[in-house]
Amino acid sequence: MDSEDDMHDANDMESVDEDFYSDGDAADSDADVADYDFMGNETDDSDEQAVSRMQKNYTVLKEEDIRQRQEEDMTTISTLLSISREAACILLRRYNWSVNKVHEEWFADEERVRKSAGLLEKPVVSLSRVIDVVCGICFDNFLPADIISLGCGHPFCTSCWKAYITTSINDGPGCLTLRCPDPSCDVAIGQDMIDTLTSGEDKEKYYRYLLRSYIEDNRKTKWCPAPGCDSAIEYDLGSGSYDVTCSCSFSFCWNCTEEAHRPVDCDTVSKWILKNSAESENMNWILANSKPCPKCKRPIEKNQGCMHMTCTPPCKFEFCWLCLGAWSDHGERTGGFYACNRYESAKQEGVYDESERRREMAKNSLERYTHYYERWATNQSSRQKALADLHQMQSVHLEKLSELQSQPESQLKFIIDSWQQIVECRRVLKWTYAYGYYLPEHEKAKRQFFEYVQGEAEAGLERLHQCAEKELQTYLNAAGPTKDFNDFRTKLAGLTSVTRNYFENLVRALENGLADVDSQGACSKAPSSKNTTGSSKGKGGGRGKNSTKT
């Protein structure tokens, strides 16, 4: 530190760090040696957090569950309003499969609801006594037995009906709101008509659209976005975290349907994904690492050699890399092939100040983005590797370990728990780098605190990963039962618990906007007696822009 103020800020930050991780309890000076001993000291608060983790605010729905709910809703409306199941289905689609909404609207104004949904109270006309009927589409004459009409009475032949419905089904989900072919009529076509006039692939496609509409039209349900997954998620609106996990093991954000990204909000994720796919960083790279040809303006990168540049055909203009002047005006008198006196003198006069400033800004911006992106991508690949290791542990290694250690697989669940925790922590850690990229540069106290809690969480994760990956291998390679396996169990289970707590603290801090630190770097909590008399652990856990650990 260069000043007393900086020392004061550092002390304040140290106080924040101690309070944040200790929650007011005395710190163990030997925590680095045996963090897993922390298991025996968990408080009632941590028990409540564990219970909270077990409570789900969503339900996974498989296809059979969706179909069952759909049938139950149609039965409910049909019974309640004394109408047919086909009419109940039309009403539910009209009101996005909301039983309560149908109930409220129907008893508020039945006539208006019938009109908007295309339901007639009773048939308008009967064709039973008519001898000859003209089809309203092909205009051929047919016997009444060959004519089909809805309650509105508009007559159409069987062939025209089939063509009309088949074409609508092949056009997409709009077939669910199909109306009478007569342009002036709004009477809805129900499932009974679909069952009568379609078969095979068309009928299957219609009912597939109907099933999907139950999820897509309902604001409380969404499909799992994982490739090949047919399950859906019903979410309890207003119940907290949007992160959900499907039965296929894919975790995603119910709000934006991107992969689960807690503790980062959906807006930040959207900006980060857009930035990763946008051309802006390509332009920054071009601006930072190239110069335009003075003649054709094509960007040119210099990665080695002298200052004599030759543009690519058809331009072929020769120029000096430093001053961008024609090479024909250069030679020994201007500094030779590796220097340019004209550039140096012009630079002293400020001729290149603006262009150099822009290039330097682009370079710094690119370096900063690259720093965070590389760590984001590294943790993503580490998570994929951990997922593969978890699958291998469940399918192969667990059975082998059970035989070697003479223990049932149910007693080895702590190993699966540790790998699942590693996978989850890698995901959280990955998104903290997106959070760090958008954390304002001028909020130095918050940035310092963020880098500390991120570093502590990452260090805990590395210890857990090392234990689960390297130390476990010793027992997998053993010839038989080992005496210290129970010690390994205690250590791994303890590290899993401690790492979970570290990451819960990290997530809580980021979701609160790092509220434990104000803009001046002071702690919003009152310092405890430990902070004034004790010493901190002093781990170098920061993962900021200048950190070297990845």
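The values are calculated or read from the model by the stated rules, or taken from the named source; none is laboratory data. No experiment lies behind these values; they were computed from the predicted model shown. Reconstructed Cβ throughout: ideal geometry from the backbone, glycine too, with neighbour counts over all protein chains shown. Areas reflect the complete protein model, heavy atoms only, side chains present, ligands, DNA and RNA absent. Shrake-Rupley method; radii C 1.70, N 1.55, O 1.52, S 1.80 Å.
Observations on the model:
- Compared with the direct C-alpha span, the chain from Asp109 to Asn218 gains 37.0 nm at full extension, assuming 0.36 nm per residue.
- C-alpha center-to-center spacing [segment 129-186, segment 424-477] in angstrom: 65 Å
- For segment 63-222, a crude dipole built from +1 on the beta carbon of Lys and Arg and -1 on the beta carbon of Asp and Glu, taken about the Cα centre, is about 300 debye to the nearest 20.
- Here segment 63-222 has 48 percent of its accessible surface on carbon and sulfur atoms, given a 1.4 Å probe and all protein chains in place.
- Excluding ligands, DNA and RNA, the accessible surface per residue across segment 63-222 is 56 Å² with a 1.4 Å probe.
- Each residue of segment 63-222 gets 119 Å³ once the volume of the Cα convex hull is shared out per residue.
- Once all protein chains are placed together, Lys302 keeps about 50 Å² accessible to a 1.4 angstrom probe.
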